[in-house]
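Notes follow once the structure below has been shown.
Bear in mind these aren't lab numbers, they're just calculated from the coordinates by the rules spelled out. Predicted, not measured: the structure shown is a model, and the values here were computed from it. Here Cβ is always computed from backbone atoms with ideal geometry, including for glycine, and neighbour counts include all displayed protein chains.
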Protein chains: 2
Amino acid sequence: MIVRSQEFSIVILFRLLVALIIVATSTLVSLSNPLFAEDGVSKRPNIVWIISEDNSKHYLKHFDESGTPTPAIEAMARHGVTFDRAFSCSPVCSVARTTLITSCYAPRIGTQYHRALKQAEMPANVSMFPKYLKDAGYYTTNNAKEDYNAVKTDGVWNESSRRADWKNRPSNDTPFFHVQTIHTSHESQLHFSEADMQTPNKTSSDEVDLQPYFPDTPLFRYTRARYHDLIQKVDDQVGKLIEDLETSGELENTFVFYFGDHGGVLPRSKGYLFESGLHVPLVVRVGDNVKHLVDRPFGSRTNGFVEFVDFGPTTLTLAGVDVPTEVDGQPFLGDKIDASEVDRRDEAFGHADRFDEKYDLVRSLRVGNWKYIRNFDPIYPDSLQNNYRYNMLAYQQWRQLYQDGELTPDQSAFFESKLPEALYDLETDPHETNNLATEPRYRSQLIEMRDRLTQRLMDMPDLSFIPEAYLIDEAISQPVAFGQTHRDEIGELIRIANLALRPWNEAKPELKAALDSEDPLVRYWAVAAATSFGDQAESIKHEMEERLVDMEPIVVARAVEFFTTTEFDDLKQGAEPLSFLYRSISRATSEAEALPILGTAVFVNDHCDDRFPLDMKQVKLIIPVVPNSELERRMKYLGSL
Amino acid sequence: MIVRSQEFSIVILFRLLVALIIVATSTLVSLSNPLFAEDGVSKRPNIVWIISEDNSKHYLKHFDESGTPTPAIEAMARHGVTFDRAFSCSPVCSVARTTLITSCYAPRIGTQYHRALKQAEMPANVSMFPKYLKDAGYYTTNNAKEDYNAVKTDGVWNESSRRADWKNRPSNDTPFFHVQTIHTSHESQLHFSEADMQTPNKTSSDEVDLQPYFPDTPLFRYTRARYHDLIQKVDDQVGKLIEDLETSGELENTFVFYFGDHGGVLPRSKGYLFESGLHVPLVVRVGDNVKHLVDRPFGSRTNGFVEFVDFGPTTLTLAGVDVPTEVDGQPFLGDKIDASEVDRRDEAFGHADRFDEKYDLVRSLRVGNWKYIRNFDPIYPDSLQNNYRYNMLAYQQWRQLYQDGELTPDQSAFFESKLPEALYDLETDPHETNNLATEPRYRSQLIEMRDRLTQRLMDMPDLSFIPEAYLIDEAISQPVAFGQTHRDEIGELIRIANLALRPWNEAKPELKAALDSEDPLVRYWAVAAATSFGDQAESIKHEMEERLVDMEPIVVARAVEFFTTTEFDDLKQGAEPLSFLYRSISRATSEAEALPILGTAVFVNDHCDDRFPLDMKQVKLIIPVVPNSELERRMKYLGSL
């Protein structure tokens, strides 16, 4: 019995100890976590994202002098924080939105192509972040655009449709996360006809400033003025949403983010890694009742860099929900976030891959006011055909004026081959028209930026060095794991691609060896790198000619680009470079394989000289062309359908 | 009026002159053409072809001591002529029958593949020859097999079906040409089961002679005995057809040809260019009333060589109809044909290409008793899988005995790689088991035969040097014209292929250059030729490795054969030879392109060593596999379907 009694006492004591620990922990949590009010009832903040489509920060006077007034957004800013350095990671919708919803860099997780020919599986242990909110009791709604390039996981939204509304939450006590997309500023709204131009804009064409790379024509002025009108309408809509929150009494319990989903939407913005494509407006209105979660005064601005990968983590942090360790972003607001640390952030990564049917692999890194762009397909001009883009009259006119020889060099650059690298000083050159990459005095800056970007691509690793067709075939069910397993191989591909940046005599022996590799992707990148040397690469002409008969159609297409952009079109046995292109097109076994090759065909047709007249009749596919597919778009443009 | 009267007289005189010329010409024709009897009424001979399927001359005692008696055929011979040297040009049905109906060598007119994946258009100015008979008033009937690899032209037959019967001709005065095919001896009749073997044959197994290359087993003896029974049945059917003609009173107005459509049908006959595959029985019974057209006595035999291309011209000549100049054959019977000239003919050409799903390009030339065979795919054993062929138990048993190591060298040869050339002295080696090609004392004979065959292939030109897929794509609508236009290129391909026959050190520099050609077919033949050198070709291993990544899947497949039949499987970057084979299979854009590559897969699987285990799961086609297609047969055999 004595023993029993002792046992009993020990059990009792242990239980008391456990209870005490539980109570103490709970108390500590409620004391330290401001999401719980003094009475212990949850007062977690609501979070609302208002996303306007296709607009960079440049068109809002709140950010740029030449922009238009946006009183509602400005009012948000007065009651919140303005982020002067907010960046979409991608200048196109589906990729940008996938980045927002996953908090991951798209080229790391295989969602970088607009739009996905096959959606990637989400990384292991990562859900689209609203799921974490929903699991934590939030009511999550999306109205309405999704456009994800990843397979949507279960339990992300309570409602995602045009009916999605935070007001439908089960109880007024339920905190909510709501996303509202405003379509008003979307590219399609600038697809007006010449007849439409009879209708005057509210904004006068005379009063708009035109970017220096545009021809100063009534059409361009009309287009920009019209876009100002659209931004004003966006602002009205933002104002109404704020009003709605206010009416319901939730505004002061809410963080309202207003931002653009990526840049746009005059030419040379959406689809490009210039600031006009990536640099978005971001204003976060902070409700009075939740302001203790943010250590920035109302009306403040910051130059700290924030990227789309950070938006999810920030939202989770504001809601007091853990951020999964496997995502790329980091929060920039929240009670544990040090504003001064955010202010010091100064780096933003950008990526461009395929936009609809058009491929052009570009990566960018902005560090402070330095912008570095790496063109992995430098022979392609920025103007390379994308059917949707050229719906805009301004695009059409710009091209026509180029063809007519009526443009200044800065205005013409868009239609000409690029250098493999660009370096811009945004302080003095906000429009990125003065490439400093070739200037010796910026050499060390260039190398520093190049190395920094390269390291990021290798660390990621960037899956775009595995061409899309291969990625779909081999990796789309687990892109991240694939990337981890193939980190070294991808690093080697990046190294080969970057031979383009070395002096020819240094690059040559490695290129020569790489052209002869058994690995098709090594050959692919070796051909691409060699092509960027142009006529300089004469001494490996023979090795390049070998690649015209390569087993991989995309390698052939790249080799064709070499021969159609150099003087070396005198092939063995009098063969014609284009005959290999036709053959490679017929050899393509999937849409993802055919598309870049058709891109070569378009490039040759539109941008190479008269030695290479494309014979549309010989452009024949063995694979079916699905209606409304990217393939159909390319075939239609080529007149082969 | 005077003028008018003079004009009138001239017109009258001119008309009279024309009438006179017409009458005179007609008279001359009826006088000089023995097809018109003295009373001027047409008595043109009837011609009947009786064709038994799949039998060489060796099984008829009339031709070979070890054959079976065929009293009906022997009776025909007593009332006609026996051709001891009659040859099908091809050892398979559709090709042989196309040769018969076109009078053209199949590889010249694009009809050499059994069966055509796409039928060739007939050569310009050539019709299937019964049309000429029909146009000349003959009643033409075919009962019933056609199986042509060319597009059938209009007006060939009055009736071609199982109902086709010369007795349906419009009038008894109408001469007829009738073709009757006897299916009794067809290969399928030897597709018996083990249970069927309980039924004894009429012919005793003990009394048959087995060819020396066969294992002497009860099954082989049973098979041969059963075949003797079948030949006897054929003979009965021939007898009935003769009787039928006799009953109707037409026999003596008729030339009756009896022949086999090609050799067969024990193993190593149908499908092979040995005598067992090509050498057919031919007896022509000559009706009493038409014997003036032939200058050979009843019961005579000739060793003059006749080939299938000659059968149409002979038939036309007997009917008094002109032979088109564009055909390859020449008549061997007829009133203008000199028997002694025919007796001196001593050359027969043979060709083997694809049989169903199995490719193996072989050409042969028999001159007198010398037989020369050129194997353009020497690494393929004769036993290479053809699903239909292996339905026969004897085939299965023969293979099993080989695998069990129970065969003599002569019996094993069928299952082993061939030499590029074979030379047989048929006088001493009627079964073609003793290849004299490597014996120095026959060197000059070998070279002479080689040169003679090569010259024939070049003169033709032989379209099989353009692989089937290319032929279908580029030439099938006018193969002969294509051949004429590309004579030099084809000659060059033959030259490259024949580098295989030169000493390695002589061949090497040309092979090396050819491997690097822009012309895929030059590369194709260069790889094939190099492969026949085996390990000797070590010094061009690198150039061969390049071809593993060739744009053309069939070139890749040939290169894979090189690496799976030599020691050189240590590829760059540790690549696996078979990985290129899989890739080339997936790259094939048509059945004709996929088939030979799958042939390589079968070859590797069945005949290469353990270093190369084929992974069926990686054998994937992008093109659809049509039910009952050759492609389906191959895929099924590979277990990939």
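Table for the structure above
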read-out: Chain A - share of DSSP beta bridges that are antiparallel (%, nearest 5); value: 50 percent
read-out: Table column - 3J(HN,Hα) (Hz), the range A:250-264, Karplus curve with 6.51, -1.76, 1.60, x for Gly and Pro; value: 9, 3, 7, 9, 10, 9, 10, 8, 10, 7, x, 7, 3, x, x
read-out: Selection from A:Gln180, A:Val321, A:Ala150, by position along the positive dipole direction of chain A (Cβ); value: A:Val321
read-out: Estimated [θ] at 222 nm from DSSP helical runs (n ≥ 4, -39500 (n - 2.57)) normalised by residues in chain A, nearest 500; value: -11500 deg cm²/dmol
read-out: Dipole in debye (nearest 20) - the range A:439-592, about Cα centre, beta carbon charges: Lys, Arg +1; Asp, Glu -1; value: 400 debye
read-out: Distribution of pairwise C-alpha distances over the range B:44-333, 5 Å bins, in %; value: 1, 6, 12, 17, 19, 17, 13, 8, 4, 2, 1, 0
read-out: Cβ-vector label at 7 Å, B:Arg344, separations to other copies in nm; value: 10.7
read-out: Cα-based Rg of the protein assembly as shown normalised by 2.2 N^0.38 Å, two decimals; value: 1.25
read-out: Trypsin sites (Lys or Arg not before Pro) lying in DSSP loop within the range A:118-185, provided at most 10 other Cβ fall within 10 Å; value: A:Arg162, A:Arg163
read-out: For the range A:461-637, Kirkwood radius (reciprocal of mean inverse C-alpha pair distance, Å); value: 16.7 Å
read-out: Integer Hz, Karplus 6.51/-1.76/1.60 couplings in order for the range B:435-450, x for Gly and Pro; value: 6, 8, 4, 9, 8, x, 6, 9, 3, 5, 4, 4, 4, 5, 5, 4
read-out: With Cα atoms, 0 to 90° folded angle of helix A:218-247 axis to chain A main axis; value: 20 degrees
read-out: Summed residue charge, Cβ within 11 Å of B:Gly491's Cβ, Lys/Arg positive, Asp/Glu negative; value: -3
read-out: Model label zone, B:Lys336; criterion: amide N under 18 Å from point 7 Å along Cα-to-beta-carbon; scope the range B:135-165; value: B:136
read-out: Cα-based helix-to-principal-axis angle, B:553-564 vs chain B, degrees rounded to 10; value: 50 degrees
read-out: Spacing of the two label points (7 Å from each Cα toward its C-beta) at A:Ala75 and A:Asp206, in nm; value: 3.2 nm
read-out: Dipole of the range A:429-559, positive end: most advanced residue of A:Asn505, A:Gln478, A:Ser517 [Cβ charges, Cα centre]; value: A:Asn505
read-out: Chain A: angle of helix A:487-497 to the longest principal axis, Cα-based, in degrees nearest 10; value: 40 degrees
read-out: Convex hull volume per residue in cubic angstrom - Cα atoms of the range A:353-439; value: 108 Å³
read-out: Fully extended contour minus Cα-Cα distance, from A:Ala144 to A:Tyr390, at 0.36 nm per residue; value: 85.9 nm
read-out: Contour excess over end-to-end distance, with Cα ends at A:Glu510 and A:Ile447 and 0.36 nm allotted per residue; value: 20.6 nm
read-out: Magnitude of the charge dipole, chain A, Cβ model with Lys/Arg +1 and Asp/Glu -1, debye to 20; value: 1360 debye
read-out: Among A:Gly534, B:Thr82, B:Pro381 the positive-end extreme of the charge dipole of the protein assembly as shown (Cβ point charges); value: B:Thr82
read-out: Proximal aspartates and glutamates to A:Lys167, defined as alpha-carbon separation beneath 17 angstrom and excluding residues fewer than eight positions away on the same chain; value: A:Glu159, A:Glu243, A:Asp244, A:Glu246, A:Glu250, A:Glu252
read-out: Across the identical copies, how the B:Lys152 labels are spaced - nm, sorted shortest first, 7 Å along Cα→Cβ; value: 5.9
read-out: Nearest-first distances (nm) between copies at A:Pro297, label 7 Å from Cα via Cβ; value: 13.5
read-out: Chain B, closest residue to the rotation axis toward A, by beta-carbon, whole angstrom; value: B:Arg587, 3
read-out: Alpha-carbon centroid distance for the pair the range B:276-293 / the range B:66-100, whole angstrom; value: 8 Å
read-out: Surface/4 of the Cα convex hull for chain B, nm²; value: 34.9 nm²
read-out: For the protein assembly as shown, size of Cβ-based charge dipole, Lys and Arg +1, Asp and Glu -1, in debye; value: 1960 debye
read-out: Distant-in-sequence amide H partners of A:Asn387 (H built 1.01 Å from N, under 5 Å); value: A:Glu357
read-out: Using a Förster distance of 22 Å, the FRET efficiency for A:Gln198-A:Gln400 (Cβ separation, nearest 0.05); value: 0.55
read-out: Pairs beyond 31 Å (Cα-Cα), from A:Lys620/B:Lys508; B:Lys118/B:Lys620; A:Lys118/B:Lys617; A:Lys418/A:Lys512; B:Lys43/B:Lys152; B:Lys152/B:Lys418; value: A:Lys620/B:Lys508; B:Lys152/B:Lys418
read-out: Shielding of A:571-579 by partner chains, average beta-carbon count, 10 Å; value: 2
